[in-house]
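Enquirer: For reference, the structure I am asking about is given below.
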Amino acid sequence: MDLPINPGLLIALIVVIIGILIIAKGLVIVRQSEVMVIERLGSFNRLLESGINIIIPFIEQPRAITMIRYQKRGEEYFPITTNEARIDRRETVMDFPGQPVVTTDNVTVRINGALYYQIIDPRRAVYEIENMSQAVEVLAKTTLRSVVGKMELDKLFESRAEVNNEIQAAMEEPASKWGVKISRVEVQDIAMPEEVETAMRLQMAAERKRRATVTEAEGEKAAAIAKAQGQRESAILNAQGDKESAILRAQGEQESIKLVLSAIGDSDEHKRTVVGYLLGQSYIKALPTMAQNGERVFVPYESSALLGSMGMFREMAGSPEDTVAKHLRDSERQSGFRSGIVGGAASS
């Protein structure tokens, strides 16, 4: 037997079900660092922040934003386009594929960069630009070409930080109109043609060879300077030694002449005899050296006279050394004789 259906109960049940669906549809939970743009009947109404929010179903709807992300498979990048109702406010990285860029010295290089940006105004990001991520990407590529096109290839490798700063500064103003903040731009890889890379290797090898040659030349220069300074100091010391030696020899000869003259007398004849003897000694010392240069040696007439003076001097008083020794012995005897006389007188 079928139970009769109460129309009132049925209507109440339908209302409850509809209410549950409305509540489930209108209850929105927004996670941390996310935001939703809500439109009421097609017009902007409000932003839903993180937490529990309630919207009116079928009247209020979230506005989605179009995002493009690249997925790398091997060496190729594949774009993936998505429509997202929840807008992420966190900093996002866009690793876009490499772009061919011509430098000011007409070298085509391929630059792969990464862009870090953050959505700070979701309303502008949705309503001010049709495709925010695509606009940021195109802006980064065109700015990259503009900045790198003003530089030479060598300058580009030396100034990566400068390139990053210039690209970021050029993108800040247009990106701010879209509610986007450009955090930083990084130039990752710079690929060059093979012939340019080979030329740079040869240039680098030549530069290192030049530096090695300069360093070697500077070392040889320093060694030559040190050697010349050593020779100069050695020559000065040798000259000083020769000077002191000559002075000492002259002083010794002077003392010897004084002793000889005091022993044999200081008359003019004795002085000439001593001088002739000394000159004769000098001739005798020079004879072996003179004989080495030839078979025959011609002795001047003055040399014979000097040798005769030496013989006469020896016959008269012996050699000067003997004369000095004799003079000293006589002096000792006289002093001893005087001391004996004085002692004898004292004893008597």
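The values are calculated or read from the model by the stated rules, or taken from the named source; none is laboratory data. Computed from a predicted model, the values in this text were never measured in an experiment. Glycine gets a Cβ as well: all are built from the backbone with ideal geometry, and neighbour counts include every protein chain shown. To get the accessible areas, we keep the full protein, side chains included, count just its heavy atoms, and leave off ligands, DNA and RNA. Shrake-Rupley method; radii C 1.70, N 1.55, O 1.52, S 1.80 Å.
Enquirer: Find how many whole Å separate the alpha carbon centroid of the range 177-255 from the alpha carbon centroid of the range 61-95.
Expert: When both Cα centres are located, 58 Å separates them.
Enquirer: What does the highest-first list of 116-128, 222-234 look like by mean Cβ count within 10 Å?
Expert: Details: 116-128: 17.5, 222-234: 10.0.
By packing density, highest mean first, the sequence is 116-128, 222-234.
Enquirer: Can you work out D for the range 141-244 in µm² s⁻¹ from Stokes-Einstein, where Rh is the Kirkwood radius over C-alpha pairs, the temperature is 10 °C and the viscosity is 1.306 mPa s? Each step should come with its number before you reach the end.
Expert: On the way: Rh = 19.3 Å.
Roughly 82 µm²/s, to the nearest whole number.
Enquirer: Take the Cα atoms of the range 1-57, build their convex hull, and give its volume per residue in Å³. Please report the intermediate quantities before stating the final value.
Expert: Numbers: hull volume 5.9 nm³, N = 57.
Per-residue hull volume (Cα only) is 103 Å³.
Enquirer: Please identify every one of the trypsin sites (Lys or Arg not before Pro) in the range 147-193 that sits in a loop by DSSP and has no more than 16 other beta carbons within 10 Å of its own beta carbon.
Expert: Filter output for the range 147-193: K150, K177.
Enquirer: Could you list the trypsin sites (Lys or Arg not before Pro) in the range 10-56 that lie in coil according to DSSP, counting only those with at most 15 other Cβ atoms within 10 Å of their Cβ?
Expert: Values: sites: K25, R31, R40, R46; in loops: R31.
Passing sites in the range 10-56 are R31.
Enquirer: Sorting M200, M94 by accessible area (1.4 Å probe), largest first, what list results? Display every interim value, and only then the final one.
Expert: Details: M200 55, M94 10 Å².
My answer, sorted largest first, is M200, M94.
Enquirer: If we sort 210-219, 130-139, 64-73 on the protection proxy, mean other Cβ atoms within 10 Å, highest first, what's the order? Let's see the in-between values first.
Expert: Details: 210-219: 10.0, 130-139: 17.8, 64-73: 14.3.
Taking the mean over residues of other Cβ atoms within 10 Å, the ranking is 130-139, 64-73, 210-219.
Enquirer: Moving to a separate point now. So for the range 137-226, if I pair up every lysine 8 or more residues apart or on another chain, how many of those pairs have alpha-carbons under 25 Å apart?
Expert: Values: K141/K150; K141/K155; K141/K177; K141/K181; K155/K209; K209/K221.
Summing the qualifying lysine pairs gives 6.
Enquirer: Quick one: if you take sqrt(5λ) for each eigenvalue of the C-alpha gyration tensor of the range 17-161, what semi-axes come out, biggest first, whole angstrom?
Expert: Working: eigenvalues 358, 40, 30 Å².
Square roots of five times the eigenvalues give 42, 14, 12 Å.
Enquirer: Using a simple charge model, +1 on the beta-carbon of Lys and Arg, -1 on the beta-carbon of Asp and Glu, nothing else, what dipole does the range 1-122 show about its Cα centre, in debye to the nearest 20?
Expert: Working: 12 positive and 13 negative charges, 22 e Å.
Once rounded to the nearest 20, the dipole reads 100 debye.
Enquirer: For the range 71-108, run through the GluC sites (Glu not before Pro) and keep only the ones in DSSP coil with at most 15 other Cβ atoms within 10 Å of their Cβ. Numbers along the way, then the final one.
Expert: Numbers: sites: E75, E76, E84, E91; in loops: E75, E91.
Sites meeting the loop and neighbour criteria: E75, E91.
Enquirer: Note the per residue figure in Å³ for the convex hull of the C-alpha positions in the range 81-196. Walk me through the numbers on the way to the answer.
Expert: Working: hull volume 10.9 nm³, N = 116.
Considering the Cα atoms of the range 81-196, their hull volume per residue is 94 Å³.
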